[in-house]
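Notes follow once the structure below has been shown.
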Number of protein chains: 2
Amino acid sequence: MTPHDARALDRGDPLAFAKDRFRLPAGKTYLDGNSLGALPVATAVRVGETIRHQWGDDLIASWTGHDWIEAPFRVAAKLAPIVGARDGELLIADSTSVCLFKLLTAAVRARPDRRVIVTDAANFPTDLYVIEGAASLLGCEVRRVPAGGIADAIDADVAVVTLTHVDYRSGAKYDMAAVNAAAKAAGALTLWDLSHSAGAVELDLNGSGCDLAVGCGYKYFNGGPGAPAFLFVAEELQKELHSPLQGWMGHADPFAFSASYQPADGIGQYLTGTPSVLALAALDCGLDTFSGILMSAVAAKSRALSQLFIEEVERGCGDKVELAGPREPDARGSHVSFAHPHGYAVMQALIDGGVIGDFRAPNLIRFGFAPLYNSYAEVVRAAELLTEILNSASWDQPRFHARLKVT
Amino acid sequence: MTPHDARALDRGDPLAFAKDRFRLPAGKTYLDGNSLGALPVATAVRVGETIRHQWGDDLIASWTGHDWIEAPFRVAAKLAPIVGARDGELLIADSTSVCLFKLLTAAVRARPDRRVIVTDAANFPTDLYVIEGAASLLGCEVRRVPAGGIADAIDADVAVVTLTHVDYRSGAKYDMAAVNAAAKAAGALTLWDLSHSAGAVELDLNGSGCDLAVGCGYKYFNGGPGAPAFLFVAEELQKELHSPLQGWMGHADPFAFSASYQPADGIGQYLTGTPSVLALAALDCGLDTFSGILMSAVAAKSRALSQLFIEEVERGCGDKVELAGPREPDARGSHVSFAHPHGYAVMQALIDGGVIGDFRAPNLIRFGFAPLYNSYAEVVRAAELLTEILNSASWDQPRFHARLKVT
């Protein structure tokens, strides 16, 4: 495909207008929105207003006057159509890791006769660490199994199955409904980490029978570095499960200052301390970039971008890299990884050339496609540069590697 | 004291210059900085730059390029002289409640032969809720005792004594060194919540023998609504205690993406998920308002302001209100509460008149004095307005109460 052909695809792209919702640096092809989403146009002004006019002018009165107190619910409601859940099942809180700890602990305690947590042995590291820490606290066993072995690992001892929906390296996507069904059949709960899927692939948490989920605000949701996370608790579980991380913001009546804890009805009990109002304002702008956009269109563009990238890379330099993930679009999230023995140096050369992806040890170069702001032309440009770099003769020269391996 | 006398005190105030570090709303006397600190002049610009130039322009490269990764440590280092601790003992993370959960759980698990947590029955509610939740998870007993009974309640079964240094209602301040000594003698650890004291009173965490502490970023530290919290772990305990809230940011090598958790050396292990970079930038500006200022001067002004307020109120309307806290300056933090049967309506009338304090059920009107930006003139004005309101004959008229009781 020529750059000309790619521009024609961009002209026909029904989501092309959404790129104007972002402030992207000139001259760069940013394919790392799966690590840190781009800056929405609205964010700096909105956060500035929150600082100057709400905090600065109205001070403490803003908790009610500007309804800061409702922000974790108000912002979460914008997620509902994106992930296929009801408003009252979603909440913005803490970090993904802390949310995972809350829900995992709550889930295990709700199944006291079951002492096993099942997870993918290659789950995202922070998930594994959270699981390990919670299991040690709860006196549970962690069953780490390969991706293909999840269903077989779910037996009557399993309290919770917790998985990351899309693998951060390969982009491989779990069949969420199938895992949920297998867990349900065995009486276990499911807890999904949606960090690498929400905002880029179609999700139907209700329709696929999800019990619990958490996810990240700073990747495809463009909430800014370290944005607060979100959590999901299916309505029918909200009376049964209780977070052990009890704080005043999750109390039924925080400002009654009562001496004993009474969890709020519904999803609000998963709040703990006072949330960052500035970080919530930024995440709100991030979610507004999805306004009026159907996730079916986002997911279709994600598939088209990543499929085009694979084709172009394999056509140009397929003899030098190996696709490290599913070839079938429906089996993937919105990023694509290739293995190369000098992956780190290759990615540095790409970045030097204006194409920003990511390197994941030991040998993966990773490219994320954010359907709201990435274009077909960018995909072609990235594949072209990668091809040019890998076809350069100097890859056999140790000196060339040394030059690129600047850390 | 006349307003003229008060202005003379302000002219002689060695901290008067610090008020220019804040952007305070005109025409208001803000005595609620103990609930939400005022906006520093630098914050909006700094957060705006972080959004536009760091996130917007440099995107993912900012984690190293703008050293976001070190921000929780870099900002925490500014706390060291304010609380009397070493750099490496302090960290910015999460919310106060989540930090409390982490340290409380770590402390109890470090004393496995002891199953009791001692606290003040009138501790701040979120502290009580966190303690209750953690105790339930850990299978511990919580011994809730009156303020005067702490020392007697510490026996060989006690793992941790956890208290709020300054009471959020009365302003009563614990003798930290005495409690620490009693706990140490019994082999128990101490965990202090400094939310209502740090930044307003002199602290010497090291000198007074503190083991563990947490505190708030949005009160006297002016970090903005819901600013991240801080935590302190004494150096000699850092190898012994481990947070069960394990996440990748607390790993010894987060970007190695190893499958098993290896806590970072030192205070860094208490990080969990990715922290909010925007919230950290705002808190950084909040802490910069203390730059070059000795806490002995801050504490001296705090005592002088609150003492003047008590004298002026009691002189003007001492027959109508009752001081609800210590009279002795050294026994208090930086806020003063008075009891009045119609406290809620009184505070509404004060706010209508431009004096912003707080109401705490059932009958307390509370006034916080932030030595960096509150003046003697403001103290006198607040006492005058309170006197005027309470001496108004219409307090006997139910209609007057109804008018004021607007919620």
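Values in this text are rule-based calculations from the coordinates and carry no lab data. All values reported here derive from a predicted model rather than from experimental measurement. For neighbour counting, all protein chains shown are included, and Cβ atoms are generated from backbone atoms with ideal geometry for every residue, glycine included.
Points to keep in mind about this one:
- The value given for region B:1-152 is a Kirkwood hydrodynamic radius of 20.2 Å, derived from the mean inverse Cα-Cα separation.
- Rel. contact order, % - alpha carbon contacts under 8 angstrom, at least six apart, chain A: 22
- All Cα pairs of chain B, percent lying beyond 41 Å: 18
- Straight-distance crosslink candidates among lysines, where the alpha carbon sits under 22 Å from residue A:301 and sequence neighbours closer than 8 are dropped: A:19, A:28, A:78, A:173, A:219
- Judged by the ratio a/c of the largest to the smallest principal axis of the C-alpha gyration tensor, region A:165-270 counts as oblate, that ratio being 1.5 or greater while a/b is no larger than b/c.
- Cβ-placed point charges (K, R +1; D, E -1), dipole of the protein assembly as shown about Cα centre in debye, nearest 20: 660
- Across peptide B:118-128, the average count of Cβ atoms from other chains found within 10 Å of a residue's Cβ is 3.
- Beta bridges per DSSP with both ends in region B:44-289, % antiparallel, nearest 5: 35
- Helix A:96-109 axis, angle to chain A major axis (alpha carbon atoms, nearest 10°): 50
- Seen through its C-alpha gyration tensor, with square-root eigenvalues sorted a ≥ b ≥ c, region B:94-176 comes out oblate because a/c lies at 1.5 or above while a/b is not bigger than b/c.
- Shape summary of region A:251-407, radius of gyration then Dmax from alpha carbon positions: 22.2, 72 Å.
- R0 of 30 Å, Cβ-Cβ distance residue B:236-residue A:121: FRET efficiency to nearest 0.05: 0.25
- Inter-chain neighbour count for A:101-107: the average number of beta-carbon atoms from partner chains within 10 Å of each residue's beta-carbon is 2.
- Compared with the rule-of-thumb size 2.2 N^0.38 Å for a compact globular protein, region B:258-347 has a Cα radius of gyration ratio of 1.77.
- Charge tally in the Cβ shell below 14 Å around residue A:81, where Lys, Arg are +1 and Asp, Glu are -1, residue A:81 excluded: -3
- Couplings 3J(HN,Hα) for region B:260-275, derived from phi with the Karplus relation 6.51 cos²θ - 1.76 cosθ + 1.60 (θ = phi - 60°), are 10, 7, 10, x, 4, 5, x, 5, x, 5, 7, 6, 10, x, 6, x Hz, where x marks Gly and Pro.
- Simple rule: put +1 on each Lys or Arg Cβ and -1 on each Asp or Glu Cβ in chain A, find the dipole, and look at A:316, A:178, A:238; the Cα lying farthest toward the positive end is A:316.
- Label-point spacing for residue B:109 across the identical copies (point 7 Å from Cα in the Cβ direction), in nm and ascending order: 1.5.
- Starting from the label point of residue B:70 at 7 Å along Cα→Cβ, the same points in the other copies fall at 4.4 nm, in ascending order.
- When peptides B:221-229, B:1-9, A:380-388 are sorted by average Cβ neighbour count within 10 Å, with the highest value leading, the order is B:221-229, A:380-388, B:1-9.
- Within a Gaussian network of chain B (alpha carbon springs, distance under 10 Å), most fluctuating of B:153, B:106, B:61: B:61
- Rounded to the nearest 20 debye, dipole of region A:42-164 from Cβ charges on Lys, Arg, Asp, Glu: 80
- Longest to shortest principal axis, alpha-carbon extents of region B:103-228, angstrom: 40, 29, 25
- Principal-axis analysis of the Cα atoms of chain A puts helix A:343-352 at an angle of about 80° to the longest axis.
- In nanometres and ascending order, the distances from the residue B:181 label point to those of the other copies are 7.0 (point 7 Å from Cα along Cα→Cβ).
- With the charge dipole of chain A set up from +1 on Lys and Arg Cβ and -1 on Asp and Glu Cβ about the Cα centre, the Cα lying farthest toward the positive end among the listed residues A:45, A:347, A:307 is that of A:347.
- Helix B:277-288 axis versus longest C-alpha principal axis of chain B: approximately 60°, rounded to the nearest ten.
- For region B:2-77, the Kirkwood radius over C-alpha pairs fed into Stokes-Einstein at 10 °C and 1.306 mPa s yields D = 100 µm² per second.
- Where the alpha-carbon atoms of the protein assembly as shown are placed on the principal axes, they occupy 89, 56, 54 Å, in descending order.
- Taking A:218, A:270, A:261 in turn, the Gaussian network model of chain A (Cα-Cα springs below 10 Å) assigns the largest fluctuation to A:261.
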